[in-house]
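The values are calculated or read from the model by the stated rules, or taken from the named source; none is laboratory data. Here the structure is a predicted model, which means the values were calculated and not measured. Cβ atoms come from the backbone with ideal geometry, glycine included; neighbour counts cover every protein chain shown.
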């Protein structure tokens, strides 16, 4: 049995399709990440899994239960840590956890022991009786995550767990997430738009863009699929540009070429052998190479290769009216 | 049923914790009713002949004290639902909605907390009234009066939670509250006897649950029956109002929170 399973899941708001016919499954005990830019459909998908939104079409099962027909059982089996920190500032750390424990029907005689356990895990035991107002951003996030763990859910959902935190705090949160994963053996489903986060935490990643899953694989395989090296070159284009591309494609080690004006990105293996060949072709065709470099692929490159654009919000593609219409529908 | 009670208590507990931690809020809520009873109570003290004409022997301030106690209850409870909007904005609502507790338990927990807070505020106003010389012929009457205030506030918190669940913005919510709160207070015998209202206003006032609550509290507090409404009718109207509002609020709340905010 899978921890999460979807079949042709679709969610539209009017004529805007936020999640477009996605099917995938997450194994028990896996850390699975949805990687994509803002507005790609990550949060919408997570809201369907956590029973906050009903899908327009298709099915989703969490912990074996249908999110529509058995929403109560789904809620009993999940922990959900939202993107915004949702801890109550007026209450102390411990009171926040007590509230969370009661919301999740933890038996009375176990509550204190469970709270001690998670406080110890997130290293907030010494601050537990202080008001959350005095906590730093990172501490609040840890407390929020702890709240999602108290009832030992089968699946833990983390929506952008480190957004808005500085890099040291982010690393610290990653450590906690890994610790949680080993200690409780939970399935963790997270969304992120940080490559580094997906790379360091996830067993498998789904790249999602415009409501569609572009690819699902392990970070390692994704990088290997691109070949293990990347050659970036900037050229001075002339009329032979097209034949230059044709010739490059004939080089056996090159797996993929991305063009962005005068900048070419070649995904390849055996880069050191490919470079002399590039020079040979360019001199035959009279194309001047302004710069060339050889690097190891990062998940950033993987993202670009599958979506054709970088993960940062692309202004030219950002349609203000479309986004506005979407927000309006969401608020109705 | 048992779990609904447990869940409602969880929400109730959280709301009261938040109330306890905001000491400034306790005082701010007292300012308006305190002004009413101290300032308006004294400005209108010369109107004693008017209230005597309907058989009320005491000072004007003693006549209007029940009105101000209910004013406190009205405004504390009708404002009380506003944190529903904050909860939806800042994620607590989603946290509660993704946990196994039922939606109506959230609404009921909120309403009970608001009504208890309103009653606490009203009891502080009773304290102020006593301090400025209002007397109770029978001090034991304070117990049924508090009971009525709690019940009445529960009904008004229902109005508040219903509006807060439907409103998508703070502005809409406050607009609706202002539209409702003051007229409901003014169209009641809070400041002047029902008998002195023009006929058409008296008809409107008789449709207002606030009227029956004030008449009842005034009778318990001063021993003077006014307006010719029997106690049982007043109690019946208050009960019906509360049952209707709690029902409507639970239904509307459950329906509205299932929609994305």
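For the stretch B:106-117, the count of residues that are under 18 Å from residue B:260 (Cα atoms), modelled with pLDDT of 90 or more and more than 11 Å from the chain's Cα centre (by Cα) is nonzero. Among the residues of the stretch B:175-209, those identified as without any contact (Cβ under 8 Å) to a residue 60 or more places away in the chain, part of a helix (DSSP H, G or I) and surrounded by fewer than 16 Cβ atoms within 10 Å (Cβ to Cβ) are B:175, B:178, B:179, B:182, B:183, B:186, B:199, B:200, B:201, B:203, B:204. The strands (runs of 3 or more DSSP E) falling completely within the stretch A:139-225 that include 2 or more residues that are at pLDDT 90 or above, touching a strand residue (DSSP E or B) at 6+ places or on another chain (Cβ under 8 Å) and within 14 Å of chain B (Cβ to nearest Cβ) map to A:155-159. When we screen B:8, B:73 for residues that are buried (at least 21 other Cβ atoms within 10 Å of the Cβ), away from every other protein chain (no Cβ under 14 Å), at pLDDT 90 or above and in contact with a helix residue (DSSP H, G or I) (Cβ under 9 Å, 6 or more places away or on another chain), the only hit is B:73. Considering only the stretch A:240-256, I want to know if a residue exists there that is surrounded by fewer than 18 Cβ atoms within 10 Å (Cβ to Cβ), closer than 16 Å to residue A:300 by Cα and at pLDDT below 90. Scanning the stretch A:240-256 turns up at least one residue that is surrounded by fewer than 18 Cβ atoms within 10 Å (Cβ to Cβ), closer than 16 Å to residue A:300 by Cα and at pLDDT below 90. State whether the residues of the stretch A:43-56 include one that is within 11 Å of chain B (Cβ to nearest Cβ), surrounded by fewer than 16 Cβ atoms within 10 Å (Cβ to Cβ), more than 15 Å from the chain's Cα centre (by Cα) and within 21 Å of residue B:91 (Cα to Cα). Looking through the stretch A:43-56, at least one residue is within 11 Å of chain B (Cβ to nearest Cβ), surrounded by fewer than 16 Cβ atoms within 10 Å (Cβ to Cβ), more than 15 Å from the chain's Cα centre (by Cα) and within 21 Å of residue B:91 (Cα to Cα). Condition check for residue A:13 on (1) buried (at least 21 other Cβ atoms within 10 Å of the Cβ); (2) within 13 Å of chain B (Cβ to nearest Cβ); (3) touching a helix residue (DSSP H, G or I) at 6+ places or on another chain (Cβ under 6 Å): one failure, at (1).
Looking only at the stretch A:102-118, residues that are surrounded by 22 or more Cβ atoms within 10 Å (Cβ to Cβ) and facing another protein chain (nearest Cβ under 9 Å) come to 2 in all. Residues in the stretch A:73-88 that are out of contact with any strand residue (DSSP E or B) (no Cβ under 6 Å at 6 or more places or on another chain) and either within 7 Å of chain B (Cβ to nearest Cβ) or part of a loop (DSSP other than H, G, I, E, B) (or both): A:75, A:76, A:84, A:85, A:86, A:87, A:88.
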